[in-house]
Amino acid sequence: MEKGKITISPISLDITSGQLSGSPIMQSCRKIADLKDVFKDENFRSQMVQDDLVYSVQAYLPEEEGTSGGLYFGTTIIHPGKIGDEYFMTRGHFHARRETGEFYWGIKGSGILILMDEKRNVRAEEMKQGSLHYINHCTAHRVANIGSEPLVFNACWPSDAGHDYDEISNNGFAARLVEKEGKPFFLDENEG
Ligand code: M6P
Ligand code: ZN
């Protein structure tokens, strides 16, 4: 590093909108079509407009995936909506390296962070602007938007955490967040 030289970071974060700008930023979108078998009512999902966006992720990944000691940063925007009575939500994942944790924090909107340990115990935390969430190691995590505006949150996780989606695809979460009488309500995995 040249002594005394002050440079500008290539990435910036608009802290009011959560929007990342600069380069390199990875962008991904999850549309209705991408979320087969994620929601309880697969038949309902299959009949929705397949091109509609459920959530998008922007991520700054300054290290090669798998590098130990590095960190990743992301902004996730979950649109308001439901599939049947189940709120729009992220796919959810365990970390491939189960011993790694993660921070989430709310930027705007109203949501629920759903957490599940390896014994399938589920708990949840309210997400809103300024809420800070520590996701323990060995804990699957998923976020649902329970409001009528986009839910925006930031995340910071280790670059060697990885994503294990298979465990959730195969066994799901032990509870699902549905709207009942206008309010969020957890349905046990065996309930309709
Ligand atoms: C956060 C982070 C990312 C994750 C994203 C969407 O930004 O946890 O690692 O990819 O949310 O969640 P998912 O991958 O479960 O769809
Ligand atoms: Zn994670």
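Quick notes on this one:
- Carbon and sulfur %, accessible surface of the chain computed with the full protein complex present, 1.4 Å: 50 percent
- FRET E, pair residue 53, residue 21, Förster distance 22 Å, beta-carbon r, rounded to 0.05: 0.65
- Difference of contour (0.36 nm per residue) and Cα-Cα distance, residue 29 to residue 96: 22.0 nm
- Considering only 112, 78, 168, the Gaussian network model of the chain with Cα springs below 10 Å gives its largest mean-square fluctuation to 168.
- Each Cα pair under 8 Å and six or more residues apart adds its separation to the average, and for the chain the resulting relative contact order is 22 percent.
- In the context of the full set of protein chains, the chain has a per residue accessible area of 55 Å² (1.4 Å probe).
- For the options 44, 153, 103, a Gaussian network treatment of the chain with springs between C-alpha atoms closer than 10 Å singles out 44 as fluctuating the most.
- Label-to-label distance for residue 7 and residue 187 is 5.2 nm, based on points extended 7 Å past Cα in the beta-carbon direction.
- Viscosity 1.306 mPa s, 10 °C: Kirkwood-radius Stokes-Einstein D of region 11-188 over Cα pairs, µm²/s: 96 µm²/s
- Once you reduce region 19-59 and region 150-187 to the center of their Cα atoms, the two points are 14 Å from each other.
- Mean separation of Cα contacts under 8 Å, 6 or more apart, over the residue count of region 1-73: relative contact order %: 28 percent
- Label-zone membership for region 161-189, site residue 137, 7 angstrom Cα→C-beta point, backbone N under 13 Å: 161
- Rounded to the nearest 500, the 222 nm mean residue ellipticity of the chain from helices alone is -1000 deg cm²/dmol, with -39,500 (n - 2.57) taken per DSSP H run of at least 4 residues.
- For the chain, modelled as a GNM whose springs connect Cα atoms under 10 angstrom apart, the maximal fluctuation among 56, 28, 159 occurs at 28.
- Residue list for region 53-89, given a label point 7 angstrom along the Cα-to-Cβ vector of residue 44 and an amide N cut-off under 20 Å: 53-55, 78-89
The values are calculated or read from the model by the stated rules, or taken from the named source; none is laboratory data. What you see is a predicted model; the values in this text were computed from it and never measured. Positions of Cβ are backbone-derived with ideal geometry, glycine not excepted, and every protein chain shown enters the neighbour counts. For the accessible areas, the whole protein counts, side chains as well, though only heavy atoms, and no ligand, DNA or RNA atoms are used. Shrake-Rupley method; radii C 1.70, N 1.55, O 1.52, S 1.80 Å.
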